[in-house]
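Student: Following this message is one structure expressed as structure tokens.
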Amino acid sequence: MSNYLEFLESKRIKAGEAGFEAENLNPDLFGFQREIVAWALRRGRAAIFADTGLGKTAMQLEWAKHVHEKTGGRVLILAPLAVGAQTVREGAKFGIPARMCRDASNIGPGINVTNYERLHYFEDEDFSGIVLDESSILKSFDGMTRRRLTAFGQSIPYRLACTATPAPNDTDELANHAEFLGIMSGKEMLALFFRQDGNTTHKWRLKGHAHRDFWRWVASWAVAARSPADLGFTEEAEAFALPPLKSFQVTVGFQAVSEDRLFAVEAQTLTERRQARRESLAERVQKSADIANGQPNEPFVIWCDLNAESEALVKAIPGSVEVRGSDSAEDKERKLLDFSEGRVRVMVTKPSIAGFGLNWQHCARMVFVGLSDSFERLFQATRRCWRFGQKRPVEVYVVTAEREGAVVENIRRKERQANEMVDELIREAGRSRRTA
């Protein structure tokens, strides 16, 4: 029987180890962080799906330090705009030198940090390790950039991808992670574990018999954690307990009736939701401005998705600063830093621009001027302020029109899916540790 069980285990699909055993991990890291780093170094190519505030920056810096020491080669950390300088500062705090690089002329021994937007200035042959910080942000870039990044990493032996939570309903995102890490191509993943959902080639669902095998396979190359307790470090969990998060749903009463209907109805399709959002813009902007102006001593982040929203908000909130996609990279970084360091009270921007990686624990108030259908953007944007190091309760105001009820329900559904996904990964990782 034991031989048969061993035979079955040998047939299980899992990612092989391509790394090394690390010694002398930084004692300033928490125990759960050291365990994750040691595991990722053994894998050689791995993903860390750890909740915001659990110290992914410190872990990736420690991982990069050991890859450099093992290989003697350089490591490149790619980070979202304005997060690179934050990574360098975090390295100094942990005694891990890292340099910010604008192009290949700036690189040197050890750890080099740059923004995703500057990838084309670098050559893969110059590095033995690469880290994707906030790797789920790749969805914000065009397909060419994502493909170039995957190609860039293929010749680099050590690879690490770090994000809080991949989109729960996005099989492409997990496939992109697996492909970047060299675990399996996206097409292979779909063929092994998924089937088309209906008559479309864009929606996939897990095959009934493959459910556990899929998550067990993901857990072989990715670790997930919401708390140190998920990895068995219950004594460290208290240090990461967050203050209360207070959410306020604010609904404006604007009701637009279309020409072909007698009464206003809830917007269902994407086109209808966009139309409802445009029709209620003035009311939502005014309500959001009233909230921010009503607390004049509080820093605020105002999240929006339309340029027309941000333009109106800056006019309605005295002293506010807008960061928009058309700004130069230098202007974006300067404005984001001004808000981080308290020189600006109210920041108006989009989750796609500033919703990943930044630490804004000085701020405990934010407003979403409407919602998109992306749970991940809502989650990531909220966590810029509600994260480890935040000392005050965080208040989040979501301002929507009555007709946008379907969007709110869609976000709640995706939140449930995200929790289920992380539950599966944590469960399978726990099983692996117990049988190791």
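Student: Are there any pairs with C-beta distances below 8 angstrom linking a residue in region 38-49 that is in contact (Cβ under 8 Å) with a residue 24 or more places away in the chain and surrounded by 24 or more Cβ atoms within 10 Å (Cβ to Cβ) to a residue that is among the hydroxyl-bearing types (Ser, Thr, Tyr) and assigned to a helix (DSSP H, G or I), with the two at least 6 apart or on different chains, and if so which?
Tutor: The qualifying pairs are Ala47/Ser135.
Student: Answer yes or no: is there a residue in region 90-107 that is within 23 Å of Ala50 (Cα to Cα), touching a Ser or Thr at 6+ places or on another chain (Cβ under 7 Å) and not in a strand (DSSP E or B). Show your work before the answer.
Tutor: Here is the first cut: in region 90-107, the ones within 23 Å of Ala50 (Cα to Cα) are 90-96, 98.
With the extra rule that they be touching a Ser or Thr at 6+ places or on another chain (Cβ under 7 Å), the set shrinks to 90, 98.
Within this subset, residues satisfying the condition of being not in a strand (DSSP E or B) are 90.
There is at least one residue in region 90-107 that is within 23 Å of Ala50 (Cα to Cα), touching a Ser or Thr at 6+ places or on another chain (Cβ under 7 Å) and not in a strand (DSSP E or B).
Student: Please work out which residue is nearest to Arg343 (Cα to Cα), limiting yourself to region 255-277 and to residues that are surrounded by 14 or more Cβ atoms within 10 Å (Cβ to Cβ) and modelled with pLDDT of 55 or more.
Tutor: Ranking the candidates gives Arg277 first.
Student: Further question: What about Glu341, is it of a type in the set (Asp, Glu), surrounded by fewer than 24 Cβ atoms within 10 Å (Cβ to Cβ) and in contact (Cβ under 8 Å) with a residue 12 or more places away in the chain?
Tutor: no
Student: Could you please give the count of residues in region 303-331 that are at pLDDT 95 or above and basic (Lys, Arg)?
Tutor: Selection size over region 303-331: 1.
Student: Name the one entry in Gly294, Gly342, Gly319, Gly357 that is of a type in the set (Gly, Ala, Ser) and within 23 Å of the chain's Cα centre (by Cα).
Tutor: When all the criteria are applied, what remains is Gly357.
Student: Out of the residues in region 72-123 that are acidic (Asp, Glu) and under 23 Å from the mean Cα position of the chain (by Cα), which is nearest to Glu134 (Cα to Cα)?
Tutor: Glu117
Student: Take the residues of region 332-373 that are assigned to a loop (DSSP other than H, G, I, E, B) and of a type in the set (Gly, Ala, Ser): which is modelled with the lowest pLDDT?
Tutor: Applying the filter and picking the extreme gives Ser372.
Student: Can you tell me which residue within region 281-304, out of those that are touching a residue at least 60 places away in the same chain (Cβ under 8 Å) and among the hydrophobic types (A, V, I, L, M, F, W, C), is surrounded by the fewest Cβ atoms within 10 Å (Cβ to Cβ)?
Tutor: Checked region 281-304; the qualifying residue surrounded by the fewest Cβ atoms within 10 Å (Cβ to Cβ) is Ile291.
Student: Scan (1) touching a helix residue (DSSP H, G or I) at 6+ places or on another chain (Cβ under 8 Å); (2) aliphatic (A, V, I, L, M); (3) without any contact (Cβ under 8 Å) to a residue 12 or more places away in the chain for the single condition Ala92 breaks and write down its number.
Tutor: (1)
Student: Does region 111-130 hold any residues that are surrounded by 19 or more Cβ atoms within 10 Å (Cβ to Cβ) and not hydroxyl-bearing (Ser, Thr, Tyr), and which are they?
Tutor: Ile111, Asn112, Val113, Asn115, Phe122, Phe127, Gly129, Ile130, listed by residue number.
Student: Quick check: is even one residue across region 131-153 farther than 30 Å from Ser374 by Cβ and either part of a helix (DSSP H, G or I) or in contact (Cβ under 8 Å) with a residue 24 or more places away in the chain (or both)?
Tutor: The answer is no; no qualifying residue exists.
The values are calculated or read from the model by the stated rules, or taken from the named source; none is laboratory data. Predicted model, so just to flag it, every value in this text is computed and none were measured. Glycine gets a Cβ as well: all are built from the backbone with ideal geometry, and neighbour counts include every protein chain shown.
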